[in-house]
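Reviewing the structure listed below.
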Amino acid sequence: MKPRTKLKKILLGVGAFFILAYLIAGGFIWYKYHSVKQTATTMFEPIIRPVYASTYPEVKLKSAPVKLSDKEPFTVPLVGIDHRANDHGRSDTMIVLSVNPAKKTILMF
C-alpha cells in the first residue's frame, strides 16, 4: 500500500468521524430545543385581564386621584415583584393597605 493512499484513508476516516459527530450533536441540540419549545407552549397560559363590573349601579370605578384633604378612606394594593434574568417577574409579596386619613391610621392586610 502506498503511503499516499494510506494518508488519504486516514484523512477520509477522520473527516467522516467529524462530520458524523457534527450531525449527531446538531440533531441532539435540535431535539432539546424542540422539546423545550413544545413544553413552554403547552405550559403557557395567556393573562386574562378582568373587566370591572358591578351588579350595583351606584358602584362606580374611580378614575380620579385620591385627595387626602377630603379625609376619605382608600385602599392601596402593594405588590412586590421578584424579577430575574429572562423572567417577566412574579409577585412574591401582596399587601393591601387601608388608609384612613381622618383617623390617621393605616391597616395592612
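Computed from the coordinates by the stated procedures, all read-outs in this text should not be read as laboratory data. Keep in mind that this is a model prediction, so the values were computed, not measured. A quick note on method: Cβ atoms are made from the backbone with ideal geometry, for glycine too, and the neighbour counts reach across all protein chains shown.
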Original post:
So for the chain, what are the equivalent ellipsoid semi-axes in whole Å, largest first, each being the square root of 5 times an eigenvalue of the Cα gyration tensor?
Top reply: 69, 17, 10
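Under the rule a/c < 1.5 gives rounded, and otherwise a/b versus b/c splits prolate from oblate, where does region 68-108 land using the Cα gyration tensor?
Because a/c hits 1.5 or more and a/b exceeds b/c, region 68-108 counts as prolate.
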Subject >> With Cα atoms, 0 to 90° folded angle of helix 3-43 axis to the chain main axis >> reply: 20 degrees
**OP:** Would you work out which of Leu23, Ile48, Pro77 lies farthest towards the positive end of the dipole of the chain? Charges go on Cβ: Lys and Arg +1, Asp and Glu -1.
**Re:** Leu23
**OP:** Note down the nm distance, to one decimal, between modelled labels 7 Å out along Cα→Cβ at Thr42 and at Leu7.
**Re:** 5.5 nm
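Count of lysine pairs in the chain with Cα atoms under 17 Å apart, counting only pairs 8 or more residues apart in sequence or on different chains?
5
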**OP:** At 7 Å along the Cα-to-beta-carbon direction for both Ala102 and Tyr33, put a label point, then send me their distance in nm to one decimal.
**Re:** 6.4 nm
